[in-house]
Amino acid sequence: MRPPSVDSLARSLASTGLPHPLLVDVARAAIAAGDPESAELGARQLSRRLLRPVINGTGVLLHTNLGRAPYPFADPGSYANLEFDLATGERGSRQAHAGLLLARLCGAEKAMVVNNCAAAVLLVLAALADGENVAVSRGELVEIGGGFRIPDVMERSGANLVEVGTTNRTRRADFAAVADRVAMIMKIHQSNYRIVGFTEAVEVADLVDLGVPVVADIGSGLVDAACPWLPGGPPGWLDGEPAARQTIEAGADLVLFSGDKLLGGPQAGIIAGSAELVDRCAAHPLARALRPGGLVLGALQELTLNYLHRDIDSLPFWSLATIPVEDLRVRAEALGVGRPVALMSVPGGGTLPGVEIPSAGVALDGDHAAALRAVDPRPIIARVREGITELDLRTVDPADDPTVADALQSFG
Ligand SMILES: *Cc1c(COP(=O)(O)O)cnc(C)c1O
C-alpha cells in the first residue's frame, strides 16, 4: 500500500489543535521512519512539550520546575504604552510604570526591572564597580543554583572581588579595614543554605557609615517584612528573612531581588534604591541587553497594584502560602478519594531552607506520578515517597479540586 501523503496525514491530525506546519513536520518524520501510524503519537508528544498550565500537587510553593511562583498571565492581544508617555506624547521609559510602583512598594526613591536577579547583580557590578574593588564577606560567596556563582559573576562584570572575614564569622571591622580601597560593599543573602553554630555576620545598618555604597542582594524578594497585604500579618516561617523595605530603611543604597520568588510574580530582577545609582544602572549599555519585555512588565505592574491594594486574593503565592491548614484538611476529606493525610509544604525556589509549612492532602498506594502527568488538559504533578503517591493541596488552587478528584478517581 502506498504511504499517505505528508499533507493528508498532517490534516488527519488536526484534532490535536497543533498548527498545520508542525503537523507537517510530525507527518514527514513518521513517513520517513516508514511508520505513518506513529504520527499521531508524535503529535501528542509534541503537544505535551508545549507550555501549559499544570496543577501543582507537590506542596513546593516556589517550584523551580513549575515556573516558581504562580501568577496570572497578561493578555497580550493589544498595544501598550510600553515606552510612550501619554501625558507629553513623547517617548517614555519602560521602567516608568512597574518600576515606579515597585519603588513605591518597597520605599525606594527609584526602581528598575531586568530579566532576573542574576542580571540585576551583573548590571549593578558592571555599572557601578567596573575595574574597581568590591568587598564581600567570605560567608556570602554563594552559588545560587544553575551555576550562578557570585565570584564568577563579579569577574565577568569587570569588578575585583575583595574577600573579607571568614566563612563563619565576618565583622564590621573586616569591612572597615578595606573601606578606603573598595567602591562598593555587597551583602548577599545566603538564600538556599545556612551557616549555623559559631557564626557572626554584619547587618546592613552597621555598614552604611563606612563611606562606601552598600548593595544588598536579598534574592528572595520579600518586599516588606510587615506583610501589610496579609490580613493576619507575617507568618512565623518568615522570621529572619530579609525584606526590601527594611533593608532600604537600614540604609542600603540599592537592594536587588527576584520577581518570581517570595514576590510571587513573573521571572524578573528588581534593582531598587537611590535614584542616582538606579539611573547609572539604567544608562549602562548592558541595561539594554538585560531589559524585560512588555509581558513581564505588565504582569509585574498588575502584581504590584495588587500588593498596594492589599488584595491577597490576587496574590496567588501568598494566598496559597497562608491558607489555614484546617481548610486544607476539609478539602482533602471533601475530595472523596485517597486517604486524607497530614503533609509538610516548603517555600522552595531556593528560599527559606529548612522551613516547613503544615499542610494536608491525600495519599494513594502505588506510584501514579506518570499517569497524573498525563492528565489532559491540566497535568497534575504529585510526589511519590516510598511507593505512596502524595498530593499536597496547599499548592493546588481550590478551583482545581474537582479536576484532581476526577483524576484520582481512576486510581482510587
Ligand atoms: C535566587 C537568587 C539570585 C538569582 O535570582 P534569579 O532571579 O533566579 O536570577 C541571586 N541572588 C540571590 C541572593 C538569590 O537568592
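Three principal axis extents, largest first, for the C-alpha atoms of the chain, in Å?
Rounded to whole Å, the extents work out to 82, 50, 43 Å.
When the Kirkwood radius is taken over all Cα pairs of region 51-119, what Stokes-Einstein diffusion coefficient follows at 4 °C and 1.567 mPa s, in µm²/s?
Once the numbers are plugged in, D ends up at 85 µm²/s.
How big, on average over all directions, is the shadow cast by the Cα convex hull of region 6-49, in nm²?
Details: hull surface 10.0 nm².
In nm², the orientation-averaged hull projection of region 6-49 is 2.5.
Would you list LYS187, LYS110, LYS261 from fewest to most Cβ contacts within 10 Å? Numbers along the way, then the final one.
Values: LYS187 24, LYS110 21, LYS261 27.
In order of increasing Cβ crowding within 10 Å: LYS110, LYS187, LYS261.
If you take every DSSP beta bridge fully contained in region 206-358, what fraction is antiparallel? Give it as a percent rounded to 5.
Percentage antiparallel, nearest 5: 60.
For region 98-314, what mean projected area does the convex hull of the alpha carbons give, in nm²?
Taking the Cα atoms of region 98-314, their convex hull projects to 11.4 nm² on average.
Rounded to the nearest 20 Debye, what is the dipole magnitude of the chain about its Cα centre when Lys and Arg each give +1 and Asp and Glu each give -1 at the C-beta?
720
Rank-order 381-391, 134-144 by packing density, defined as the average count of other C-beta atoms within 10 Å over each peptide's residues, highest first.
Peptide ranking by packing, descending: 134-144, 381-391.
When the scattering of region 279-412 is computed by the Debye formula from its Cα atoms alone, each counted once and equally, what is log10 I(q)/I(0) at q = 0.18, 0.20 Å⁻¹?
For region 279-412, the Cα-only Debye profile gives -1.05, -1.19.
If you project the alpha carbons of region 335-377 onto the principal axes, what extent comes out on each, in Å, largest first?
32, 23, 19
Among the DSSP beta bridges whose two residues both lie in the chain, what percent are antiparallel, rounded to the nearest 5?
On the way: 28 of 50 bridges.
About 55 percent, rounded to the nearest 5.
Can you tell me the alpha carbon radius of gyration of region 368-412 divided by the globular rule-of-thumb value 2.2 N^0.38 Å? Intermediate results must be reported in sequence, preceding the final value.
Working: Rg = 10.0 Å, N = 45, 2.2 N^0.38 = 9.3 Å.
Computed over Cα atoms of region 368-412, the ratio equals 1.07.
I'd like to know which of ILE248, GLY298, ALA32 lies farthest towards the positive end of the charge dipole of the chain, counting +1 on Cβ of Lys and Arg and -1 on Cβ of Asp and Glu.
Highest projection toward the positive end goes to ALA32.
Per-residue ellipticity at 222 nm for the chain, helices alone: DSSP H runs ≥ 4 residues times -39500 (n - 2.57), over residue total, nearest 500 deg cm²/dmol?
Here the helix-only value at 222 nm equals -9000 deg cm²/dmol.
Could you state the orientation-averaged shadow area of the convex hull built on the Cα atoms of region 166-275, in nm² to one decimal?
One quarter of the hull surface, i.e. the mean projection, equals 8.0 nm².
Considering just Cα atoms, how many Å³ per residue does the convex hull of region 145-230 enclose?
Roughly 141 Å³ of hull volume per residue.
Which one of GLY145, GLY269, GLY17 has the biggest mean-square fluctuation once the chain is modelled by GNM with Cα springs under 10 Å?
Largest GNM mean-square fluctuation: GLY17.
In the chain, which helices (entire DSSP H runs) extend 20 Å or more along their own long axis, judged by Cα positions, while averaging at least 1.0 on the Kyte-Doolittle scale?
Qualifying helices: 294-308.
Which of rounded, prolate or oblate describes region 237-282 when judged by the alpha-carbon gyration tensor and an a/c cut-off of 1.5?
oblate
Beta carbons within 10 angstrom, averaged per residue: use that to sort the peptides 368-379, 311-322, highest first.
311-322, 368-379
Where a number appears in this text, it was derived from the coordinates with a stated rule and is not lab data. Quick caveat, the model's predicted, so the values are computed rather than measured. Don't worry about glycine lacking a Cβ; one is built from the backbone with ideal geometry, like all the others, and counts go over all protein chains shown.
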